[in-house]
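Step one of this worksheet: look at the structure below.
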Amino acid sequence: MTSYRNFGVVGGGAWGTALAQLLAADGAPVRLWVREEDVVAAINADHRNPVFLPGAALSASLTATSALTDMAACDALLVVVPVPFLRAVLAELPAGDAPLIFCSKGMEAGSFAFPIDMARELAPQRPHAVLSGPTFAHEVAAGLPTAITLAAADRDLAAAIAGAIARPHFRPYVSTDVIGAEIGGAIKNILAIACGIVDGAGLGLNARAALISRGFAEMTRFGLARGAQAETLAGLAGLGDLVLTCTSSNSRNFTLGQGLGRGEDAETLMADRRTVAEGAFSAPVIAAAARADGIDMPICDTVARLVAGETRVADAIQALLSRPLRSEGR
Ligand SMILES: NC(=O)c1ccc[n+]([C@@H]2O[C@H](COP(=O)([O-])OP(=O)(O)OC[C@H]3O[C@@H](n4cnc5c(N)ncnc54)[C@H](O)[C@@H]3O)[C@@H](O)[C@H]2O)c1
Ligand SMILES: O=P(O)(O)OC[C@H](O)CO
């Protein structure tokens with residue numbers, strides 16, 4: 001079985017930096033591609049990422065570069081670029097056959113592509129995998145216990161990557177259900193915005209539990225229709241991540257929702273921020289994909305309309321609560 005030792009990480013936001021630190025903590029050399037020159041300089045000089053992961057001390061063996069060509073020497077690449085910018089970065093990656101392990105959570109506007117779909121188009125010669133689950137970056141960087149799904153169509157590839165990135169406190173579970181892992185991560189972000197809205201609007205914990213449960217029903221309908229396995233959606237990359245992000249103000253998606261719930265408008269909340277709330281990008285895309293496929297996803301659709309400023313929170317809640325009664329299995 002191939003063993004991967006020379007990891008590169010593409011994307012120096014909070015999650016890319018935390019994953020690079022995970023792999024470099026034992027002194028292994030890890031190369032991190034970072035778009036922002038000030039962040040490259042801070043990582044190399046001070047071993048810190050003050051913009052995206054303040055507070056985490058980084059190993060000296062983690063070095064940053066702003067040149068994607070420097071990633072050519074790596075034998076596996078973790079790709080951690082937010083989905084709206086992913087296509088452009090993939091197109092600039094140097095050619096090679098090192099596997100790409102996608103760690104971003106979302107669906108691209110227009111194409112309805114998940115990261116793996118973009119990779120099949122732009123880097124078909126490379127093997128592909130997905131890493132997704134309940135993983136706040138600052139906790140992983142701090143070495144707190146974490147479990148995650150590592151999915152690849154080729155089980156041997158998934159097992160080889162899982163073995164190479166596993167650490168005593170970081171436990172990947174192997175799966176071949178790539179689409180399930182991608183769908184779980186993309187949809188939980190949207191539902192975290194919904195739960196933040198409920199929190200910000202002071203609607204109570206019953207409402208939050210109802211949203212998590214009915215939101216999971218939406219994730220399951222969408223996933224099963226696209227060939228995902230129910231056990232993946234009920235696992236770390238689906239329900240596990242849904243519970244984490246829907247219950248914590250450490251989540252950027254949840255805090256965006258809290259602002260919306262307090263009556264602030266989405267444009268103001270998202271202006272000038274350097275971090276991403278992927279759910280705001282994915283909500284209209286998943287809602288449109290579901291509509292096109294005839295899949296009922298009222299919560300995701302409502303989040304999409306709230307983020308677009310097309311409805312007000314009070315009206316949206318009223319509309320959701322006044323839908324016709326139905327069986328729970330639907
Ligand atoms: N932060 C977490 O705890 C966490 C955990 C798991 C998964 N994720 C996922 O990882 C992905 C990256 O999130 P993050 O938290 O690392 O990012 P972040 O919010 O910390 O930082 C934003 C990132 O976007 C990049 N960016 C901004 N504009 C860009 C452009 N035009 N072209 C290319 N890149 C651009 C920045 O360079 C930076 O890397 C997202 O899909 C997120 O859902 C995040
Ligand atoms: O801060 P969020 O909402 O992007 O969530 C971060 C991770 O996806 C949690 O698993």
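The values are calculated or read from the model by the stated rules, or taken from the named source; none is laboratory data. Since this is a predicted model, take the numbers as computed values, not measurements. A quick note on method: Cβ atoms are made from the backbone with ideal geometry, for glycine too, and the neighbour counts reach across all protein chains shown.
Looking at the range 111-156, which of its residues are under 25 Å from A289 (Cα atoms), within 16 Å of ligand 2 (Cβ to nearest atom) and of a type in the set (S, T, N, Q)?
Passing the criteria: S132, T149.
Criterion first (within 16 Å of ligand 2 (Cβ to nearest atom), touching a residue at least 40 places away in the same chain (Cβ under 8 Å) and assigned to a helix (DSSP H, G or I)) does L78 satisfy it?
Criteria not met by L78.
As an exercise: evaluate S59 against (1) crowded, with 17+ Cβ neighbours inside 10 Å; (2) away from ligand 2 (no atom under 16 Å from the Cβ); (3) part of a helix (DSSP H, G or I); (4) not hydrophobic (A, V, I, L, M, F, W, C) and give the number of the one condition it does not meet.
All conditions pass for S59, except number (3).
For (1) near ligand 1 (Cβ under 8 Å from one of its atoms); (2) in contact with a Leu (Cβ under 6 Å, 6 or more places away or on another chain); (3) not in a loop (DSSP other than H, G, I, E, B), each residue gets a yes or a no:
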{"site": "Y4", "(1), (2), (3)": "no, no, no"}
{"site": "G8", "(1), (2), (3)": "no, yes, yes"}
{"site": "G12", "(1), (2), (3)": "yes, yes, no"}
{"site": "G16", "(1), (2), (3)": "yes, no, yes"}
{"site": "A20", "(1), (2), (3)": "no, yes, yes"}
{"site": "L23", "(1), (2), (3)": "no, no, yes"}
{"site": "G27", "(1), (2), (3)": "no, no, no"}
{"site": "V40", "(1), (2), (3)": "no, no, yes"}
{"site": "A45", "(1), (2), (3)": "no, no, yes"}
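Residue by residue, here is whether (1) out of contact with any helix residue (DSSP H, G or I) (no Cβ under 8 Å at 6 or more places or on another chain); (2) without any contact (Cβ under 8 Å) to a residue 40 or more places away in the chain; (3) within 25 Å of F52 (Cα to Cα) holds:
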residue	(1), (2), (3)
A123	no, yes, no
V130	no, no, yes
T135	no, no, yes
A141	no, no, yes
I148	no, no, yes
A153	no, yes, no
D156	yes, no, no
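Take the residues in the range 123-172 that are basic (K, R) and not in a helix (DSSP H, G or I), then tell me which one is farthest from ligand 1 (Cβ to nearest atom).
R126
Here's the yes/no breakdown for (1) outside any helix (DSSP H, G or I); (2) modelled with pLDDT of 95 or more; (3) closer than 29 Å to V174 by Cα; (4) in contact with a Phe, Trp or Tyr (Cβ under 8 Å, 6 or more places away or on another chain):
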site: D241; (1), (2), (3), (4): no, yes, yes, no
site: S248; (1), (2), (3), (4): yes, yes, yes, yes
site: E267; (1), (2), (3), (4): no, no, no, no
site: D272; (1), (2), (3), (4): yes, no, no, no
site: P284; (1), (2), (3), (4): no, yes, no, no
site: D296; (1), (2), (3), (4): yes, yes, no, no
site: L306; (1), (2), (3), (4): no, yes, no, no
site: S327; (1), (2), (3), (4): yes, no, no, no
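Output the residue which, of all residues in the range 81-101 that are among the β-branched types (V, I, T) and surrounded by 21 or more Cβ atoms within 10 Å (Cβ to Cβ), is nearest to D154 (Cα to Cα).
It comes out as I101.
Among A237, A271, A230, A277, which is within 15 Å of ligand 1 (Cβ to nearest atom) and free of Cβ contacts under 8 Å to residues at least 12 places away in the same chain?
After ruling out the rest, the residue left standing is A271.
Suppose we keep only residues that are farther than 24 Å from A113 by Cβ and away from ligand 2 (no atom under 13 Å from the Cβ) within the range 217-258. Which one would you say is surrounded by the most Cβ atoms within 10 Å (Cβ to Cβ)?
A234
Which of the residues that make up the range 177-214 are under 20 Å from the mean Cα position of the chain (by Cα) and assigned to a loop (DSSP other than H, G, I, E, B)?
Selection gives D177 alone.
Do you know which residues across the range 26-46 are of a type in the set (G, A, S) and either surrounded by fewer than 16 Cβ atoms within 10 Å (Cβ to Cβ) or within 16 Å of ligand 2 (Cβ to nearest atom) (or both)?
G27, A28, A41, A45
Determine whether G261 is within 20 Å of A209 (Cβ to Cβ) and crowded, with 17+ Cβ neighbours inside 10 Å.
Considered against the rule, which asks whether it is within 20 Å of A209 (Cβ to Cβ) and crowded, with 17+ Cβ neighbours inside 10 Å, G261 comes out as yes.
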